[in-house]
Amino acid sequence: MRRLGVLGGTFDPIHEGHLALARQAIEKAGLDQVIFMPMASPAHRDTEAAANHRFAMCSRAIEGQGEFLLSRAGMDENNRYTVDTLDELRREFPDAGFTFILGADKLPSLPYWHGADKLFAFCDFLCFPRTGVSTDETLKKARDAGARVQLLPVSGPPYSASLLRAQLAQRQDPRGLPQGVLWYIAENGLYQPDWLPRLREMMNPHRFWHTLGVRSEALRLAMLHGIPLLSVAAAALLHDCAKGMPQPEMEKIARENHLLSDESMLSSGAMLHGPVGAYVAKKEFGIRDENILNAIRSHTIGRPGMNDLELCIFVADATEMGREDYPGLHSIRRLARQSLKAATLYSLRRTKEYVEKSGRQFFPIAIETANWLEKSLTPEEIELMERIHQE
């Protein structure tokens with residue numbers, strides 16, 4: 001009979017410490033695999049992320065790792081206690097025996113768990129240490145109550161879900177989260193203020209879906225190029241927050257707050273909504289991170305000295321999957337996989353061609369941005385851009 005460890009919990013969010021614990025349980029206790037079992041409604045703890053999101057994060061954390069399994073036994077709202085999930089686990093894995101993994105802080109209450117007699121009859125326990133928690137006396141009491149408990153001397157990364165949540169709330173990409181989990185958090189706005197209802201009010205449906213598309217594309221590019229995901233998600237969601245404003249209102253905000261030095265841009269809503277959007281993001285959404293504000297400010301025509309976050313939002317805005325096809329779009333998407341600077345320059349060049357064919361002048365700041373990018377590209381990036389242009 002194969003032996004399966006069961007690691008239940010809120011996983012709010014799941015982190016590398018959980019995975020390290022499961023690996024050591026397999027190695028040191030001779031388990032065949034470990035089942036991760038997120039609980040929808042834990043009996044003694046509230047959760048911040050909804051159950052479906054916590055389950056999805058667990059799925060991403062263990063993806064491709066054959067030593068780990070995932071069970072929905074804890075997803076039933078009625079299964080509030082460990083014993084409630086036992087029968088479901090036995091049906092789901094009929095050929096297995098179960099070892100529940102718990103921390104030393106849970107050991108004193110183990111004899112008093114709901115349905116303890118049934119649990120003790122059908123499974124055993126692995127107890128891992130907790131800082132400052134002694135196990136000698138409580139281990140004896142648990143065994144005297146009928147629990148088969150084995151101590152699991154493990155060491156792992158000292159990650160705390162509560163600390164990770166606090167860092168996520170500050171839009172930091174914390175160490176200790178699997179990359180797929182961090183991406184899921186950014187893509188779904190978990191542990192962040194929920195801006196979507198307000199953005200729905202500020203935008204027409206087409207603009208709202210474009211915004212979600214830019215977030216998805218920006219996160220994909222951020223994963224490729226190693227850019228902080230939570231900052232990217234925030235900038236992408238807010239990049240068009242002023243787009244639905246009437247032109248006179250945008251002009252008024254820009255003049256009163258001295259947002260532009262180029263007077264010619266005041267007559268263009270397409271250009272004006274970037275600087276005004278940065279103002280709105282700061283005043284209405286509480287953004288204080290200048291990197292995020294610059295990404296919103298410069299997402300239409302750029303600026304000399306753009307950083308990776310700004311380049312990412314610029315390119316994602318131009319290439320998100322909902323965009324109707326236009327000359328150069330396919331090439332920009334191909335370039336973006338390898339060089340955000342090359343993709344940005346190529347996009348500016350195509351826009352310049354379009355504007356000048358229409359008999360209008362390209363804005364000076366956009367020309368300055370293109371000149372800066374031309375000087376910044378490596379010979380390899382220049383060759384890449386020329387090759388893709390010719391294909």
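The values are calculated or read from the model by the stated rules, or taken from the named source; none is laboratory data. For clarity, every value in this text was computed on a predicted model and none was experimentally measured. Neighbour counts run over all protein chains shown; Cβ positions are idealised from the backbone, glycine included. The protein model used for the area step is the full one, side chains on, heavy atoms only, and it has no ligands, DNA or RNA in it. Shrake-Rupley method; radii C 1.70, N 1.55, O 1.52, S 1.80 Å.
For the reader, a short list of remarks on this structure follows.
- Here LEU266 qualifies as more than 26 Å from the chain's Cα centre (by Cα) and either open to solvent by less than 20 Å² (accessible area, probe 1.4 Å) or among the hydroxyl-bearing types (Ser, Thr, Tyr) (or both).
- Unique match (being hydrophobic (A, V, I, L, M, F, W, C), under 21 Å from the mean Cα position of the chain (by Cα) and open to solvent by less than 20 Å² (accessible area, probe 1.4 Å)) among ALA254, ALA316: ALA316
- A residue that is surrounded by fewer than 17 Cβ atoms within 10 Å (Cβ to Cβ) and of a type in the set (S, T, N, Q) cannot be found anywhere in the stretch 90-99.
- The set of residues in the stretch 8-48 being open to solvent by less than 10 Å² (accessible area, probe 1.4 Å) and assigned to a strand (DSSP E or B) consists of VAL34, ILE35, PHE36, MET37, PRO38.
- ALA166 meets the conditions (1) open to solvent by 70 Å² or more (accessible area, probe 1.4 Å); (2) more than 30 Å from ASP95 (Cβ to Cβ); (3) free of Cβ contacts under 8 Å to residues at least 40 places away in the same chain; (4) part of a helix (DSSP H, G or I) in every case but one. The failed one is (1).
- Taking helices (runs of 4 or more DSSP H) as the structural unit, those lying wholly within the stretch 272-365 and holding at least 2 residues that are of a type outside the set (Gly, Ala, Ser) and in contact with an Asp or Glu (Cβ under 7 Å, 6 or more places away or on another chain) correspond to 340-357.
- Condition check for ALA343: surrounded by 13 or more Cβ atoms within 10 Å (Cβ to Cβ) and at pLDDT 95 or above: yes
- Filtered by the rule that a residue be open to solvent by less than 30 Å² (accessible area, probe 1.4 Å) and touching a Gly at 6+ places or on another chain (Cβ under 9 Å), the stretch 119-146 gives PHE120, CYS123, LEU126, CYS127, PHE128.
- As for the stretch 49-68, it holds no residue that is touching a strand residue (DSSP E or B) at 6+ places or on another chain (Cβ under 9 Å), basic (Lys, Arg), at negative phi and open to solvent by 20 Å² or more (accessible area, probe 1.4 Å).
- Neighbours by Cβ (under 9 Å, 6+ apart or cross-chain): first from the stretch 321-335, among the polar types (S, T, N, Q); second assigned to a loop (DSSP other than H, G, I, E, B) and open to solvent by 90 Å² or more (accessible area, probe 1.4 Å): SER331/GLU391
- Within the stretch 348-381, if we keep just the residues that are more than 17 Å from MET306 (Cβ to Cβ) and at pLDDT 95 or above, the residue that is surrounded by the fewest Cβ atoms within 10 Å (Cβ to Cβ) turns out to be PRO379.
- 2 or more residues closer than 13 Å to GLU310 by Cα and at pLDDT 95 or above: qualifying helices (runs of 4 or more DSSP H) within the stretch 195-248: 205-225, 229-238
- Scanning the stretch 211-259 for residues that are among the basic types (Lys, Arg) and over 14 Å from VAL315 (Cα atoms) turns up LYS243, LYS252, ARG255.
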